[in-house]
Each structure stands twice: as structure tokens, then as C-alpha cells.
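Trainee: Handing you a structure now.
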Amino acid sequence: MTRTRTVAAGLAITAVLGASVTAPAIASNSGETQAQADPAYKILKHLEYSGPGKASLRVGYYQLITDRGFGWNKVKKKHNITKYSAVEYR
């Protein structure tokens, strides 16, 4: 595989999975502060791809009005892809 194709695959995975991360939400429970994980960042599957290691497919989100989002929800809603294997790249 050529370097250009490998770089393109990495960029495609980054675009699908999202590159930005936000801080977790903070919830208060009887005076104690507890960090709550954002459900959008839950890992659904580790995908095989041509680079080193595996790429994590996260739940994500998608907003049609702003055309913004990442992860599996964006893949399903924007691109109408319904199988994890369709976003894997080997």
C-alpha cells in the first residue's frame, strides 16, 4: 500500500470518528462532585484498519441543522451506513 493511501485512510477514520474531545460533565450528588462520562464517547467497536493498532468507533452524535457531528450516529444519519464493516478499512 502506498503512503498516500495510508494517510488518506487515517484521515478518513479521523473524519468518521471525530478528532475533538470535550471535558466530561460534572454532576452533583448530595454535595459531592462526581464526573459523569459523556455517552457520545462510549466505544462501540474497535475497527481494523491499515495503520498500527485499531481505530475506536464511538457512539457520537449528529445535528442535521448544523451538519456537525462524529461517530456512529453521524455515519448512520448522514451517510446512511448501517454496518460497522462498511467503515472498516484494511
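The values are calculated or read from the model by the stated rules, or taken from the named source; none is laboratory data. Remember, predicted model here, so these are calculated numbers, not experimental data. All Cβ positions, even for glycine, are placed from backbone atoms using ideal geometry, and neighbour counts span all protein chains on display. What goes into the accessible areas is simple: the full protein's heavy atoms, side chains included, and nothing from ligands, DNA or RNA. Shrake-Rupley method; radii C 1.70, N 1.55, O 1.52, S 1.80 Å.
Trainee: Which residue is surrounded by the most Cβ atoms within 10 Å (Cβ to Cβ), if the candidates are limited to the range 54-63 and must be assigned to a loop (DSSP other than H, G, I, E, B) and not aliphatic (A, V, I, L, M)?
Mentor: Once the filter is applied, the top-ranked residue is 60.
Trainee: Need pairs with beta-carbon distance below 6 Å; first residue within 15 Å of residue 49 (Cα to Cα) and within the range 71-90, second open to solvent by 40 Å² or more (accessible area, probe 1.4 Å) and among the aliphatic types (A, V, I, L, M); sequence gap 6+ or separate chains.
Mentor: These pairs meet every condition: 87/16.
Trainee: Cβ-Cβ distance below 8 Å, separation of 6 or more or different chains: which pairs start in the range 31-44 with a residue that is in a strand (DSSP E or B) and end on one that is at pLDDT below 90 and open to solvent by 90 Å² or more (accessible area, probe 1.4 Å)?
Mentor: Listed by first residue and then by second, the contacts come to 33/26; 34/26; 34/28; 35/26; 36/26.
Trainee: Quick one: in the range 74-90, which of the residues that are more than 9 Å from the chain's Cα centre (by Cα) and of a type in the set (Lys, Arg) is surrounded by the most Cβ atoms within 10 Å (Cβ to Cβ)?
Mentor: 77
The rows are residues; the columns are (1) at pLDDT below 70; (2) in a helix (DSSP H, G or I); (3) more than 14 Å from the chain's Cα centre (by Cα).
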| site | (1), (2), (3) |
| --- | --- |
| 13 | yes, yes, no |
| 16 | yes, yes, no |
| 52 | no, no, yes |
| 65 | no, no, yes |
| 69 | no, no, no |
| 72 | no, yes, no |
